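Participant: I'd like to ask some things about the structure below.
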Amino acid sequence: MTANGIIQIFLFLFVLLLAVKPLGSFMTRVFQREKTFLDPFLGPLERLIYRLSGVNPEEEMDWKQNALAMLLFNFLGLIVVYSLQRLQQFLPLNPQGVGGVSPDLSFNTAVSFASNTNWQAYGGETTMSYLTQMLALTVQNFLSAATGIALLILIIRGIARHSSKTLGNFWVDMTRCMLYVLLPLSMVLALFLVSQGVVQNFSPYATVSLLEPTKDTSGSIVTEQVIAMGPAASQIAIKQLGTNGGGFFNVNSAHPFENPTPLSNYFEMLAIVLIAAALCYTYGAMVKDTRQGWALIAAMLIMFIPAVFSMYFAEMNGNPKLPVSAINRQTSNTNPGGNMEGKEDRFGIANSALWTVATTSASNGSVNAMHDSYTPLGGLVALLMMHLGEVVFGGVGSGLYGMLVFVIVAVFVAGLLVGRTPEYLGHKIEAYEMKMASLLILIMPLTVLFFTALAVVTTAGKSAVLNSGPHGFSEILYAFTSQGNNNGSAFAGISVNNPFYNLAGGIAMLIGRYWLAVPTLALAGSLARKKFIPASEGTLPTHTPLFIFWLVAIVLIVGALNFLPALALGPVVEHLLMIQ
Amino acid sequence: MFLKQLRTASITILIMSIVTGILYPVIITGLAQLLFPHKANGNFIVHQGKIIGSELIGQQFQSPKYFWSRLSATALFAYNAGASSGSNYGPLSPALQSMVSERIHNLKELDTLNDQPIPVDLVTASASGLDPHISIAAAQYQAERVALTRGMKGQQIQSLIARCTEGRTLGVLGEPRVNVLRLNYALDELQHQSIR
């Protein structure tokens with residue numbers, strides 16, 4: 001590890017923590033419907049949307065009505081994305097004349113973008129028209145992120161309230177999130193990205209003549225290079241901010257047009273965790289105890305920081321199986337060194353490792369380096385961050401409500417140990433809450449491991465892998481881990497654009513998003529109905545260092561126990577083979 | 001209740017699609033074209049009215065008189081900017097081994113006097129397959145070969161490398177690197193001028 005690399009990592013954490021409070025308190029105002037500086041511009045639009053769609057913003061709904069609203073909204077969105085892909089060859093803004101997308105790929109992509117996963121079984125520049133990218137994919141980038149945050153806000157109200165039947169109004173939270181949080185931040189980030197060199201146009205792909213002609217695989221001379229174009233910056237901004245992660249181009253933020261400079265890389269990385277981290281503060285503010293929010297951020301960082309340094313260390317050591325004497329792997333100010341296969345020179349090792357941990361822990365899924373070519377231990381860290389259930393920052397909204405479920409489990413287990421009725425912020429935790437919480441914690445590993453096992457025993461599953469041996473197993477495990485957790489990043493060597501992976505993955509993504517969201521809403525609905533119990537001497541405080549470490553232990557034990565055998569078969573075996 | 005919610009959902013989708021799927025990208029495109037037209041349209045290097053490449057998109061070089069870019073795993077041919085891709089080879093992959101060994105062989109063959117170890121970025125494939133840069137070490141490794149092939153002075157080559165080097169942003173962010181297309185173009189230009 002170099003001094004510069006360590007400085008870059010801490011600079012990232014420092015600026016992130018600086019931004020938590022201002023953005024967190026701004027979002028608190030937005031969701032508590034207080035005045036903000038954006039009201040003069042956006043207030044009229046907001047009221048117009050309510051009037052046209054028949055929403056009474058003063059009317060609150062219980063958890064079931066809110067769940068119905070969310071499901072209907074997402075289901076309709078899914079249909080729109082599916083249809084636009086199937087019909088894109090007949091629609092405008094298709095300068096490259098790309099054809100309609102196959103039914104199974106359209107299904108997979110529609111689920112993927114509606115569920116905030118943004119798993120991509122296709123290459124953007126070769127598969128999607130500009131219209132599909134904008135009207136289907138960019139829209140879902142916004143809607144799925146706003147859905148996640150709106151769900152979180154409803155769940156937070158469930159914890160903040162007592163003796164209440166309602167949680168708020170999904171439509172209002174979703175609309176305000178979209179207008180006041182996601183759109184303004186995306187506009188600023190998109191323009192900044194263009195200033196760095198991210199393309200934003202509607203031109204057909206450009207043709208340039210090469211300085212030195214080359215040959216293609218069939219041996220014919222190639223004298224020209226066709227360069228993919230499009231309205232990329234507007235989509236990239238929200239893909240990062242909304243923890244979506246679906247790239248405009250095939251290689252996502254490794255593409256020089258998607259992430260051209262170290263500065264664009266820095267802000268795209270910040271955008272991955274920015275809103276998720278700030279929402280912790282919003283949580284604290286809404287339950288009227290900001291210490292609760294900071295405690296969650298501390299717990300997340302306790303898992304995040306060691307992961308970054310493990311990844312950095314593994315990638316810097318590089319690949320000892322390459323011809324050692326002929327290659328200079330020593331990191332210096334002129335040589336990135338380490339494992340540079342699948343990494344870009346402008347980012348080097350430190351920024352690739354930091355990005356990978358950020359994107360896998362925050363359920364973003366965008367990449368600036370190819371995870372498939374990481375060292376076994378680097379790949380293991382990426383897998384592990386997802387196996388924890390995407391609660392270290394996690395997806396916008398969904399990460400924090402996942403973490404809150406772990407908090408409830410931690411409170412419950414602590415209560416069992418001392419033989420007291422567990423309580424959390426004035427709510428008694430009872431059988432119903434624990435049933436829901438256990439369900440929430442078990443569904444994800446069951447889904448991931450079931451589909452991984454299915455793929456490993458079927459020809460359709462096995463024939464898709466690029467690398468043989470333990471790495472091939474890792475590719476399959478990664479694919480379903482990523483989709484079951486709505487992450488969306490990939491060990492991209494695996495050929496997933498076929499009916500088996502498109503359907504199995506689509507189902508995993510549906511389960512990973514909605515089967516978790518609905519029980520969590522139910523849990524919040526139940527908490528909201530409970531009477532307030534004042535804290536007593538026996539109440540476990542949930543903002544102390546003791547509780548923070550307890551929470552981290554619960555998250556790690558659950559994550560590690562579920563997936564240790566699978567990790568041993570993949571990256572662990574591969575590492576042992578590599579150092580042999 | 002269900003029908004009312006369905007109506008709300010449909011209308012909200014419609015409005016949000018217009019706002020985020022049409023207005024937002026169109027406004028950003030307008031502002032981008034107004035404020036940063038060069039960047040928004042691909043950072044093209046134009047010479048005598050002809051686009052000769054993008055500063056951000058690498059090209060393939062195989063002749064000893066040019067600095068070579070990194071390996072590229074794009075489909076059909078290297079540096080195919082219509083289909084970005086990494087190799088996705090795992091660290092133990094036999095294909096990775098043969099790709100790297102072949103590259104080492106090709107570099108050594110043209111440069112038999114050079115017994116330095118090759119900087120790792122020059123023998124591995126980039127993530128995008130379009131990396132426009134090589135490390136400073138990778139440029140230095142090739143400098144003597146290029147100078148000898150072209151019959152240029154080492155000092156001339158060094159000053160061109162320095163001119164095409166991009167440092168860390170604010171001295172901290174990213175890694176120092178050399179833009180290969182710009183460097184090779186500058187080489188051709190310089191020799192062209194001296195012939196004239």
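Participant: Residues to consider are B:Gly167, B:Gly154; find the one that is open to solvent by 30 Å² or more (accessible area, probe 1.4 Å), closer than 21 Å to A:Asn265 by Cα and more than 7 Å from chain A (Cβ to nearest Cβ). Please lay out each step first, then the result.
Facilitator: Details: B:Gly154 fails: closer than 21 Å to A:Asn265 by Cα.
None of the others qualify; the one that does is B:Gly167.
Participant: While we're on this one: Of the numbered conditions (1) part of a helix (DSSP H, G or I); (2) open to solvent by less than 30 Å² (accessible area, probe 1.4 Å); (3) under 25 Å from A:Thr109 (Cβ atoms), A:Leu510 satisfies every one except a single condition; which is it?
Facilitator: (2)
Participant: In the set A:Glu224, A:Glu315, which member is among the acidic types (Asp, Glu) and surrounded by fewer than 24 Cβ atoms within 10 Å (Cβ to Cβ)?
Facilitator: Answer to the selection: A:Glu224.
Participant: Which one is nearest to A:Val552 (Cα to Cα) among residues in region A:318-364 that are open to solvent by 10 Å² or more (accessible area, probe 1.4 Å) and of a type in the set (A, V, I, L, M)?
Facilitator: The qualifying residue nearest to A:Val552 (Cα to Cα) is A:Leu322.
Participant: Among residues belonging to region A:68-93 that are open to solvent by less than 30 Å² (accessible area, probe 1.4 Å) and farther than 18 Å from B:Ile11 by Cα, point out the one that is farthest from the chain's Cα centre (by Cα).
Facilitator: Looking at the filtered set, the residue picked out is A:Gln88.
The rows are residues; the columns are (1) more than 22 Å from B:Thr149 (Cβ to Cβ); (2) hydrophobic (A, V, I, L, M, F, W, C); (3) touching a residue at least 60 places away in the same chain (Cβ under 8 Å).
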position	(1), (2), (3)
B:Gln48	yes, no, no
B:Gln59	no, no, yes
B:Leu92	yes, yes, no
B:Val100	yes, yes, no
B:Arg103	no, no, no
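Participant: Looking only at region B:98-115, which residues are open to solvent by 40 Å² or more (accessible area, probe 1.4 Å) and either within 7 Å of another protein chain (Cβ to nearest Cβ) or in contact with a Cys (Cβ under 9 Å, 6 or more places away or on another chain) (or both)?
Facilitator: Result: B:Ser101, single match.
Participant: Only one residue in A:Leu263, A:Leu274, A:Leu241 is out of contact with any His (no Cβ under 7 Å at 6 or more places or on another chain), surrounded by fewer than 24 Cβ atoms within 10 Å (Cβ to Cβ) and closer than 30 Å to A:Lys21 by Cα, so which one is that? Outline the logic, then answer.
Facilitator: Numbers: A:Leu274 fails: surrounded by fewer than 24 Cβ atoms within 10 Å (Cβ to Cβ); A:Leu241 fails: surrounded by fewer than 24 Cβ atoms within 10 Å (Cβ to Cβ).
It is A:Leu263.
Participant: Looking only at region A:394-440, count how many residues are in a loop (DSSP other than H, G, I, E, B) and touching a Lys or Arg at 6+ places or on another chain (Cβ under 7 Å).
Facilitator: Total satisfying the criteria: 1.
Participant: Consider B:Leu187 against the criteria (1) at the interface with chain A (Cβ under 7 Å from one of its Cβ atoms); (2) of a type in the set (A, V, I, L, M, F, W, C); (3) in contact with a helix residue (DSSP H, G or I) (Cβ under 8 Å, 6 or more places away or on another chain): it satisfies all of them except one. Which criterion is unmet?
Facilitator: Here B:Leu187 clears every test but (1).
Participant: Follow-up question, since we're still on this one. From the residues in region A:8-22 that are among the aliphatic types (A, V, I, L, M) and touching a helix residue (DSSP H, G or I) at 6+ places or on another chain (Cβ under 9 Å), which one is nearest to the other protein chains (Cβ to nearest Cβ)?
Facilitator: Here the answer is A:Leu11.
Participant: While we're looking at this one, here's another question. I'm told B:Leu122 meets every condition in (1) more than 7 Å from chain A (Cβ to nearest Cβ); (2) surrounded by fewer than 23 Cβ atoms within 10 Å (Cβ to Cβ); (3) within 30 Å of A:Tyr478 (Cα to Cα); (4) of a type outside the set (Gly, Ala, Ser) except one. Can you identify the failing condition by its number?
Facilitator: (2)
Participant: Being of a type outside the set (S, T, N, Q), in a helix (DSSP H, G or I) and out of contact with any helix residue (DSSP H, G or I) (no Cβ under 9 Å at 6 or more places or on another chain) narrows it down to one of B:Lys39, B:Lys108, so name that one.
Facilitator: Answer to the selection: B:Lys108.
Participant: Looking only at residues in region B:52-90 that are open to solvent by 30 Å² or more (accessible area, probe 1.4 Å) and more than 28 Å from B:Gln140 (Cα to Cα), which one is nearest to the other protein chains (Cβ to nearest Cβ)?
Facilitator: Step by step, filter region B:52-90, then rank; the result is B:Leu76.
Participant: Picking from A:Thr459, A:Thr421, which residue would you name as being over 30 Å from A:Leu540 (Cα atoms) and either more than 14 Å from every other protein chain (Cβ to nearest Cβ) or in contact (Cβ under 8 Å) with a residue 60 or more places away in the chain (or both)? Full working, then the answer.
Facilitator: Details: A:Thr421 fails: over 30 Å from A:Leu540 (Cα atoms).
Of A:Thr459, A:Thr421, the one residue that is over 30 Å from A:Leu540 (Cα atoms) and either more than 14 Å from every other protein chain (Cβ to nearest Cβ) or in contact (Cβ under 8 Å) with a residue 60 or more places away in the chain (or both) is A:Thr459.
Participant: Moving to a separate point now. Keeping to region A:193-211, report how many residues are open to solvent by 10 Å² or more (accessible area, probe 1.4 Å) and under 20 Å from A:Thr132 (Cβ atoms).
Facilitator: Going through region A:193-211 one residue at a time, the tally reaches 4.
Participant: A follow-up question, please. With the condition being facing another protein chain (nearest Cβ under 7 Å), I'd like the helices (runs of 4 or more DSSP H) fully within region A:162-258 carrying at least 2 qualifying residues. Spell out how you get there, then give the answer.
Facilitator: Working: elements: A:170-176, A:183-196, A:232-241.
Of the helices (runs of 4 or more DSSP H) lying wholly inside region A:162-258, those with at least 2 residues that are facing another protein chain (nearest Cβ under 7 Å) span A:183-196, A:232-241.
Participant: Could I ask something else about it? Yes or no: A:Leu527 assigned to a helix (DSSP H, G or I), in contact with a Gly (Cβ under 8 Å, 6 or more places away or on another chain) and modelled with pLDDT of 95 or more?
Facilitator: Working: assigned to a helix (DSSP H, G or I): yes; in contact with a Gly (Cβ under 8 Å, 6 or more places away or on another chain): yes; modelled with pLDDT of 95 or more: yes.
Against the criterion (assigned to a helix (DSSP H, G or I), in contact with a Gly (Cβ under 8 Å, 6 or more places away or on another chain) and modelled with pLDDT of 95 or more), A:Leu527 qualifies.
Conditions (1) among the aliphatic types (A, V, I, L, M); (2) open to solvent by 10 Å² or more (accessible area, probe 1.4 Å); (3) at pLDDT 95 or above, marked per residue:
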residue	(1), (2), (3)
B:Ser128	no, no, yes
B:Pro132	no, no, yes
B:Tyr141	no, yes, yes
B:Leu190	yes, yes, no
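The values are calculated or read from the model by the stated rules, or taken from the named source; none is laboratory data. What you see is a predicted model; the values in this text were computed from it and never measured. Because the Cβ atoms are built from the backbone with ideal geometry, glycine has one as well, and the counts that use them run over all protein chains shown. Ligands, DNA and RNA are stripped out before the accessible areas are found, and what is left, the full protein with its side chains, is counted by its heavy atoms. Shrake-Rupley method; radii C 1.70, N 1.55, O 1.52, S 1.80 Å.
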